[in-house]
Every structure is written in C-alpha cells, then in structure tokens.
Amino acid sequence: MATFKQLGVSEHFIQALTELNIIKPSEIQEKAIPYLLKNQNDFIGQAQTGTGKTAAFGLPLLMKVNPKSKEVQALILAPTRELCQQIAKHLFKLTKYAPEKIFVEAVYGGEKIDIQLRALSKPTQIIVATPGRLIDLLARKAVDLGAVKTLILDEADEMLSMGFKDELDNILRQTPHDASKWLFSATLPSALQKLVDTYMAKNTHTVQVSKSEVVNNLIEHQFFVCEEKEKFDFVMQFLKTMGASTGIIFCRTKAAVQLLTKQLVSKNIAVDAIHGDLQQSERDKVMRAFKNHKLKILVATDISARGIDVDDLAYVIHYQLPDQPEYYTHRSGRTARAGKRGISICFVSQNEVKRISEFSKLLNISFRKL
C-alpha cells in the first residue's frame with residue numbers, strides 16, 4: 001500500500017492528516033489523488049460514503065488552488081447542509097499547517113442568506129454549496145463562477161434523487177467550459193449517466209472502489225421475517241439486545257416516521273425524528289441531541305437523513321425497505337464507520353423476502369436470515 005507521500009501529497013498536508021489520525025490512504029484516495037494531481041481532466045470516482053472521499057478530492061484540490069488569487073477557483077456541490085459543513089470543516093483541518101491560508105466558505109439553505117452574502121464578500125477560493133442555495137446566490141450576483149477551474153459533485157446520485165437536476169444543469173451551464181469536473185458518487189444511475197454524457201468529457205477517467213469497500217464489509221447485513229402487526233414488538237426485542245448503543249431507524253414515509261417515534265416514546269426510549277417537514281433549526285436541534293448522545297435513536301426518512309455523519313452508530317434498522325436499492329447502500333453506510341463494526345437489519349414480511357434477494361444480487365451483499 002502506498003503512503004500519502006508516495007501519492008504526491010505535500011508535507012504540510014501529511015502533517016495535518018497525521019494529526020487527524022489518517023495514516024494510510026484508503027482505496028479511493030490511492031486511486032484518485034495521483035491522477036487528480038497530475039491531470040486537468042474530468043474524473044469519476046465511484047465510492048461509498050465513509051471511504052475517505054473528502055480527502056480523495058480535497059487534497060488534490062487544495063494543492064491546485066492559488067492562495068494568492070482572491071477569486072473563487074473551486075466549487076464543491078453536495079446534497080445537504082450537513083455534508084457541506086462537514087466538507088468545509090475537513091478542508092479547514094487539512095490546511096492547518098499550509099504556508100498560506102486558503103479560504104473555504106460553506107453556503108446552504110436553512111441559514112439567513114444575508115450572513116452568507118457577508119461571508120462571500122471577503123476573498124474566498126473554495127465554495128462548498130447545496131445546489132438550491134448556490135442558484136439563489138448566483139441570481140443575486142453574489143458569486144462569480146468565471147474563474148472556477150474545478151467543479152466537484154459529491155454524492156452526485158443523492159443530489160439527483162433529491163430532485164436537484166434542474167439546479168445542477170443550471171450550475172454546470174454557468175461554470176467555465178474548460179473547468180475540470182470531478183464527480184464522486186456511490187452509484188451511477190441512468191439519470192446521473194445522462195448528466196455525465198452531457199457535461200463531462202467522453203471517456204472520462206473513472207475509478208471504482210472494489211465492491212468490498214463500496215459495501216462496507218464491516219457491516220453485518222441481516223433480515224428478520226415477521227407479520228406487519230408484530231414488527232414493532234420484534235424491533236423492541238432487537239433494541240433490548242443492543243443495550244445503550246445508538247442507531248438509526250429508517251422508514252419510507254414521514255407518516256411512518258412520526259407514528260413509530262410516538263410508539264417508541266411511549267416505551268420511554270430516548271428517541272426523536274427527522275423528516276422533510278422540519279424547520280432547519282428543529283433539525284439542527286435534533287441532530288445536536290443525537291450527536292451528544294442525549295438521544296439513543298433517530299427515526300428518519302431517506303431524504304432527511306442525507307449527509308448525516310455520526311460516529312459510533314452500532315446499527316441501522318430498516319423498518320420499511322427503501323424504494324431503491326441504492327438507498328439501502330446509503331442507509332446501511334451510516335454504521336460501521338472508521339473501522340468499526342455495525343449491523344444493518346431489515347424487518348420484512350414474507351412477500352418482501354424476494355426484495356432482499358434482489359438487494360443481495362444487485363449490491364453484492366450476503367444477508368443472514370435471523
């Protein structure tokens with residue numbers, strides 16, 4: 001396995017990585033960093049959440065940015081506020097020992113736009129943004145993309161599944177034609193392939209993390225067959241076996257999330273819900289409580305859980321199976337982060353067992369029946 005030095009990473013970044021306890025490059029970092037450092041071309045990296053994607057694109061990007069230029073040189077698009085904040089924070093930590101300061105600004109919906117307008121009036125070399133908020137800022141002429149040399153789409157499949165296609169088209173059209181486009185995604189569904197065909201170079205260099213890392217092999221995938229009316233009781237039994245560990249329970253709909261949360265509260269479990277109808281301030285409050293371990297369980301819909309990154313999640317429960325197989329990958333990828341083990345368990349009725357077989361084939365996962 002190569003070291004970061006062998007990949008071409010500068011010494012001051014290696015010092016920051018060491019402090020963050022990132023010593024060995026992950027597979028996506030090993031495949032992406034040398035290519036991105038040497039080339040100005042478009043690039044596709046297929047890798048799951050939690051495989052070290054941010055450093056895979058962040059290190060080459062930071063090494064390409066000119067700190068002396070006050071213009072916006074790079075744009076990173078991500079599906080959620082949480083992921084934008086996480087990326088900006090990680091880039092900031094990586095620049096701790098850099099000889100010259102590189103200014104990164106995160107902009108997203110749910111925060112007063114005036115605060116972000118003030119922040120962007122200062123020199124900013126890298127913008128991390130959600131597509132919707134960036135469109136607002138472009139409309140107000142608060143951001144100039146004219147000098148952008150690199151555009152990065154992180155969790156691109158999630159951005160499309162959240163309905164950002166028009167915004168992405170709009171942003172890609174306003175980005176300089178000769179800017180390098182780097183796309184990172186867990187999956188490449190047909191809608192995303194269309195975007196690639198339209199805006200990226202033909203024969204774009206693509207790297208794919210081996211299946212064992214795309215679907216984290218530290219996750220134990222299980223399923224349990226029961227009648228719908230028995231499901232809640234069996235989930236309660238599972239939660240008892242998990243003791244004080246924290247986890248996320250996924251439902252398909254907001255109504256199911258609210259009902260299940262009420263049922264769990266009635267059993268005196270420290271639980272709260274996140275779904276699409278929450279105000280950003282309410283969502284932030286729930287996430288703070290969860291990260292500070294005041295809550296044991298979060299009940300969530302697929303869309304509302306985008307970009308959640310919480311350490312030490314012991315399990316993910318699929319109370320209702322997701323609509324699409326790639327959602328299963330995103331859900332289960334919330335557990336078993338940073339080398340820890342985790343459980344992803346589906347509670348299914350007899351007629352849903354065939355969907356478990358489909359997930360198994362499509363995602364190259366072996367499920368254990370309990």
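The values are calculated or read from the model by the stated rules, or taken from the named source; none is laboratory data. Small disclaimer: the values here were computed from a predicted structure and weren't measured. Positions of Cβ are backbone-derived with ideal geometry, glycine not excepted, and every protein chain shown enters the neighbour counts.
Filtered by the rule that a residue be within 30 Å of Ser332 (Cα to Cα) and charged (D, E, K, R), region 1-55 gives Glu19, Lys24, Glu27, Glu30, Lys31, Asp42, Lys53.
For (1) surrounded by 16 or more Cβ atoms within 10 Å (Cβ to Cβ); (2) modelled with pLDDT of 90 or more; (3) of a type in the set (A, V, I, L, M, F, W, C), each residue gets a yes or a no:
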{"site": "Val215", "(1), (2), (3)": "yes, no, yes"}
{"site": "Lys231", "(1), (2), (3)": "yes, yes, no"}
{"site": "Arg252", "(1), (2), (3)": "yes, no, no"}
{"site": "Val257", "(1), (2), (3)": "yes, yes, yes"}
{"site": "Lys262", "(1), (2), (3)": "no, yes, no"}
{"site": "Lys267", "(1), (2), (3)": "no, yes, no"}
{"site": "Gly276", "(1), (2), (3)": "no, no, no"}
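Just one of the numbered conditions (1) crowded, with 22+ Cβ neighbours inside 10 Å; (2) of a type outside the set (Asp, Glu); (3) in a strand (DSSP E or B); (4) in contact with a His (Cβ under 9 Å, 6 or more places away or on another chain) is not true of Gly45: (4). When region 195-211 is limited to residues that are more than 21 Å from the chain's Cα centre (by Cα) and in a helix (DSSP H, G or I), the one that is surrounded by the most Cβ atoms within 10 Å (Cβ to Cβ) turns out to be Tyr199. For the structure I just gave you, tell me whether Lys89 is basic (Lys, Arg), assigned by TED's automatic domain parsing to the domain that holds Ala201 and outside any helix (DSSP H, G or I). The answer is no for Lys89. One residue stands out in region 169-190 among those that are in a loop (DSSP other than H, G, I, E, B) and not charged (D, E, K, R): the one that is surrounded by the fewest Cβ atoms within 10 Å (Cβ to Cβ), namely His177. Considering the conditions (1) charged (D, E, K, R); (2) within 22 Å of Ile113 (Cβ to Cβ); (3) assigned to a loop (DSSP other than H, G, I, E, B), Asp166 is excluded by exactly one of them, (3).
Yes/no per residue for (1) modelled with pLDDT of 90 or more; (2) under 26 Å from Cys84 (Cβ atoms):
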| position | (1), (2) |
| --- | --- |
| Phe224 | yes, no |
| Glu228 | no, no |
| Ile249 | yes, yes |
| Ala270 | yes, no |
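Are any residues in region 119-163 surrounded by 23 or more Cβ atoms within 10 Å (Cβ to Cβ) and in a helix (DSSP H, G or I), and if so, which ones? Answer for region 119-163, where residues must be surrounded by 23 or more Cβ atoms within 10 Å (Cβ to Cβ) and in a helix (DSSP H, G or I): Pro131, Leu134, Ala156, Asp157, Glu158, Met159, Ser161. What's the total number of residues in region 338-356 that are under 27 Å from Arg288 (Cβ atoms) and surrounded by 18 or more Cβ atoms within 10 Å (Cβ to Cβ)? Number of matching residues: 4.
Taking region 234-287 as the range and being in a strand (DSSP E or B) and touching a Leu at 6+ places or on another chain (Cβ under 7 Å) as the test, the residues that pass are Thr246, Gly247, Ile248, Ile249, Val271, Asp272, Ile274.
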